[in-house]
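The values are calculated or read from the model by the stated rules, or taken from the named source; none is laboratory data. What you see is a predicted model; the values in this text were computed from it and never measured. Note that we place each Cβ from the backbone using ideal geometry, even for glycine, and neighbour counts take in every protein chain shown.
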Amino acid sequence: MAIGSETLIIVGIGLYPLPTLIAAAREKTHGAAGVFLLNIFLGWTLIGWLVAFIWACSGRTAAEDHRDESRNAEMQGKRLPAPSIPRAEKRP
């Protein structure tokens, strides 16, 4: 049974934004916008997509940065506050 061209197009459209989604889900501190731009402009080439995918899966995340900052501050005898979560303001 041969795979139809429609199936390949659907799979391709489903996989195309994968590097951008991974970068956003990992909350990359550096490079999430770069992954997005690389994926948009060069993702249609297999090499551009692979580079964007590898870039999205590698590197540091916001959680790793905060953990390291906390660890460094702890070594110096300081204590950092936990990362804040934006909350909706209450209206009177």
Residue ID - surrounded by the most Cβ atoms within 10 Å (Cβ to Cβ), chosen from residues in segment 51-66 that are in a helix (DSSP H, G or I) and in contact with a helix residue (DSSP H, G or I) (Cβ under 9 Å, 6 or more places away or on another chain)
A52
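Mind listing just one residue for me: the one in segment 16-25 that is closer than 21 Å to D65 by Cβ and in contact with a helix residue (DSSP H, G or I) (Cβ under 7 Å, 6 or more places away or on another chain) and, of those, surrounded by the fewest Cβ atoms within 10 Å (Cβ to Cβ)?
Ranking the qualifying residues of segment 16-25, first place goes to A24.
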Residue pairs, Cβ under 6 Å, 6 or more apart or interchain, first in segment 19-36 and at positive phi, second of a type in the set (V, I, T). List them.
E27/T61
Looking at segment 28-50, which of the residues that are of a type outside the set (A, V, I, L, M, F, W, C) and assigned to a helix (DSSP H, G or I) is modelled with the lowest pLDDT?
G34
Tally time: how many residues in segment 37-69 are under 13 Å from L18 (Cβ atoms) and touching a residue at least 24 places away in the same chain (Cβ under 8 Å)?
7
Within segment 38-49, of all residues that are among the aliphatic types (A, V, I, L, M) and surrounded by 13 or more Cβ atoms within 10 Å (Cβ to Cβ), the one farthest from I13 (Cα to Cα) is L38
